[in-house]
Amino acid sequence: MIQLKVNGKQYEVDVPPDMPILWVIREKLGLTGTKFGCGAAQCGACTVHLDGQGIRSCISPVSRAIGKEIVTIEGLQASLSKPLMDAWLEIDVPQCGYCQTGQIMAAAILLRENNHPSDEDIDNAMSGNICRCGTYQRIRKAIHLAADIKRSAT
Amino acid sequence: MKQSGSISRRQFIRSTALTTGGLIIAFRVPAGIRKITALTESNLFMPNAFLRIGADDSVKILLSHCEMGQGIWTSLSMLIAEELDADWHKLQVEHAPADTAYYHTIYATQRTGGSSSLYSEFERYRKAGATARYLLVQAAANRWKVNSNECRTENGYVISGDKNVRYGELVQEASALPVPADVPLKDPANWKIIGKQKIKKLDSPEKINGKAVFGMDIQIAGMLTAIVSRVPVSGASITKYDEAAAMAVPGVRQLVKIPTGIAVLADDFWAAKKGRDALKVQWDLGEASHINSDSLLTELRARADKGGIAATDVGNPEEMFAKSKYKLETEYYQPFLAQAPMEPLNCTVQLSADKCEIWTGTQTQTDDQRAASQITGLPINKVFIHTCFLGGSFGRRNITRSDFVREAVEIAKATGKVVKTVWTREDDIQGGMYRPAFLHRFKVGLDANGMPVSWNQISVGQSVMTGGPFEKVAVINGVDMFSIEGMHTAPFVKNIKDQKIELNTPTWPVLIDNWRAVGLSHTIFAMESLINEMAHAVKKDPVDYRRMLYKDAPRLLGVLNLAAEKSNWGTPLPKGRGKGIAAYEAVASYVALVAEVSVSKDGSVKVHKVTCAVDCGLAVHPDGVVAQMEGSIGYGLSTALYSEITFKNGYVQQKNFYNYPILRIHEMPEVNTFIVPSNEKPGGIGEASVGQMMPAVTNAIFAATGKRIRNLPIKKVNTGTA
């Protein structure tokens, strides 16, 4: 049995220690907002936060999360999720939508660390996240807008 | 002299309608929904198959088409909401069940494809809303004992004088009224939703907060996950595998041989994946072991030398070529491509003695029903398809043979288990259904003005339509019209008096099928590259030259001029930069792109800006049109720069995004889209601008460097660990 803290809640899961965090949260905890895209840390669809760090949950064994806290799209703190989701809606970013939760989780780390990201900052923070539909231009606009919203709220 | 092959997408659509018996009855309520009504009849108004209004004022819209990112969740709903005068905030949208009531108005099966959803439903969905509105108004008029023409509707209310009533309150009375055979539609001058800028997509909130349900998210009690060690190429057979090692993985429950390989069933994905890895299947590829990309290209060229079946053959192009002032001989090669949608394929099946339930993201519900019926022996109406959001498709979920659904049903039947198949990314990249590789070779003669007067062309590549549902209308006298889509019908080609366009169609075991824009994904690159070479030969500016070529094609000319104007075509650029243009008709719309690029010393290409002009007729959801243009430009750029599936000894060499790279955010150009105001019938959008992007970029590279790119992709990346 492995003890896990996810989105502020404690769980006990009966899984092998090498099972990636992605499949534990999706299949054992039913938190399906985090997506499987490549299984090789190439696309970022599986991005979650582990003790505040953005990680690729598809290659991160669950043993790595013992004693730490996982945050998924379902539990992202309001101070980040509110400006990001409001901006994402305002710019109307998603097409197929499959990668968008991973995009938002990656953008949340950027926004937490950087109140006023430049285009270059966005490139550096977001180039690990693939959007096959090609919504990149709107992702960029939405991150700028989310930063504006966040700054005006604080 | 013959001219057998003159079929455009529009004509194709018309002829499909004729051969399939035309429109189906639009307003039958399917059986599955009747059942739901029976339970709640007193508080639900169901004027037709596409709409249910609840006593709580909810307006549920049932989509006959699937949402895969192209935006029909919103644009089709706009059509109903407009005519219904619904409260936009009360709309709920669902994928319809599989049923004949939802058959495509042209294709005569339930199908999403060809960028046809919006225009094929433009009448039917508006009528669905208008019919409901008519009945609600009648119900209110009866209640108030006034004439229906004394009533108006607004935002979910019927209003007459100082009286008003919510739609939800009229549900019972409206349900009792006879449904009229036909109802008038609104005057477009009175539209409040169609064509308006402010409309936000209805599926965005759930796609942002993670609640949207894709096929991958389906979980059913007792379900096992199946991962298949899949036949690498058609015709291969299994020689050896380690059953004991796979079964020894904790959580692995069962192995089963199916037509496509061996499925490993386990409690969860991770166990199934480890089990599949442990299985170590070895294959005998037979004849297919000779498939190598180099030899395929050699064969394409040999076939081009040999000639093919004539799609057009008029006059004497050889003689005319000899007499022409300017002569061009050139060829263009484009490789096999994978669609690579973000959501890997998956399909969940629950099979019992009397029914088969399927949950998946699919574009082909009727084909899937038929496949499942054939495998299980159940009648079609006992196969229930629950369409989930599609995490992208680009054609991968529009497969003639329903490959991934068929496979999941086979596993469910063989094991008796509730099963969900999951493809890994490697399975997706290596699992076929590729855009076929194509070679287009031209010998073109121009007159003193630069107009083409002699056209000799041979195109070589596998046929996508042969063996599929559209073979009868798309493959004419052995010529798959999608292999030369938009070429022989181009405005500057169709009237050339001396021309011969031939097609040579190899039958290789490489699995091919639909890929975003189908034929146009490779034909536009060849044609728009060639046009630039023609312009260069006669020393004309590429835009001026196209103005001459497109002089009798006003809508194409319109987008050409708009893109040129908005991109400041002709103004000087910084050193090292170049602009390239490509303009084409695609899926009943017209798109011109201008790309601005620079090429660094090491040869890497940077696309800085793209200006897009689009004439899609009436733009029902303008921001959705803009979004599709932006996305297609990214998709096309990814293709131009990187995309290539190659073979070695029968095996696909690419595995994952590290060697089948996809465009990333820092490579995305600034895109500015301009929509031509139009009241013409709506055209397609999802595939309207993919094909133009590749030649817009290579034409810009030529402008910047003088180097002509005739083979794609432009830049081969290191194949890493492949």
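Put a dot 7 Å past the Cα of B:GLU206, heading toward its Cβ, do the same for B:GLU680, and the two dots end up 3.6 nm apart. Each principal axis of the Cα atoms in region A:78-153 has its own extent, and those three values, largest first, are 32, 23, 17 angstrom.
Structure remark: mean-square fluctuation, Gaussian network model of chain A, C-alpha springs under 10 Å; the largest value among A:ALA45, A:ALA125, A:ALA78 belongs to A:ALA78. In the elastic network of chain A, a GNM with C-alpha springs shorter than 10 Å, the most mobile of A:ARG56, A:ARG140, A:ARG112 is A:ARG112.
Applying D = kT/(6 pi eta Rh) to the protein assembly as shown, where Rh is the Kirkwood radius over alpha-carbon pairs, T corresponds to 4 °C and eta to 1.567 mPa s, the Stokes-Einstein value obtained is 46 µm²/s.
Taking the Cα atoms of chain A, the ratio Rg/Rh between the radius of gyration and the Kirkwood radius comes to 0.97. The calculated FRET efficiency for the pair B:ARG370 and B:LYS196, based on their C-beta separation and a Förster distance of 41 Å, comes to about 0.55. For n ≥ 4 DSSP H runs only, could you compute -39500 (n - 2.57) per run for chain A, divide by its residues and tell me the 222 nm figure to the nearest 500? Result for chain A, helices only: -11000 deg cm²/dmol. Shown here for region B:93-149: trypsin sites (Lys or Arg not before Pro) in loop regions (DSSP other than H, G, I, E, B) with at most 14 other Cβ atoms within 10 Å, namely B:LYS145. For A:VAL62, B:VAL418, the sequence from fewest to most other C-beta atoms within 10 Å is B:VAL418, A:VAL62.
For B:GLN254, the residues whose modelled amide H falls within less than 5 Å of its own, excluding neighbours fewer than 5 places apart on the same chain, are B:LEU265. With point charges of +1 on the Cβ of Lys and Arg and -1 on the Cβ of Asp and Glu, referenced to the Cα centre of chain B, which listed residue (B:ASN699, B:THR100, B:VAL676) lies farthest in the positive direction of the dipole? Farthest towards the positive end: B:ASN699.
Quick one: helix A:78-91 against the long Cα principal axis of chain A, what's the angle to the nearest 10°, folded into 0 to 90? Its long axis makes an angle of about 50 degrees. Against the main long axis of the alpha-carbon atoms of chain A, helix A:136-153 sits at an angle near 90°. With contacts taken as Cα pairs under 8 Å at a separation of at least 6 residues, chain B carries a relative contact order of 15 percent. With Cα atoms defining each centre, region B:376-437 and region B:155-184 are spaced 42 Å apart in the structure. Indicate the gyration tensor shape class of chain B (rounded, prolate or oblate), computed on the Cα atoms with a ≥ b ≥ c the square roots of the eigenvalues: a/c under 1.5 is rounded; otherwise a/b larger than b/c is prolate and the rest oblate. Oblate, since a/c reaches 1.5 and b/c is not below a/b.
Angle check, please: helix A:100-113 long axis (alpha carbons) against the longest principal axis of chain A (alpha carbons), in degrees 0 to 90, nearest 10. For A:100-113 against chain A, the angle is about 70 degrees. Cα-Cα pairs above 21 Å in region A:2-75: how many percent? For region A:2-75, the share of Cα pairs beyond 21 Å comes to 11 percent.
FYI, it's all coordinate maths here, none of it is from the lab. Just so it is clear, the model here is predicted, and its values are computed rather than measured. Cβ sites come from the backbone with ideal geometry, for glycine too, and all protein chains shown count toward neighbours.
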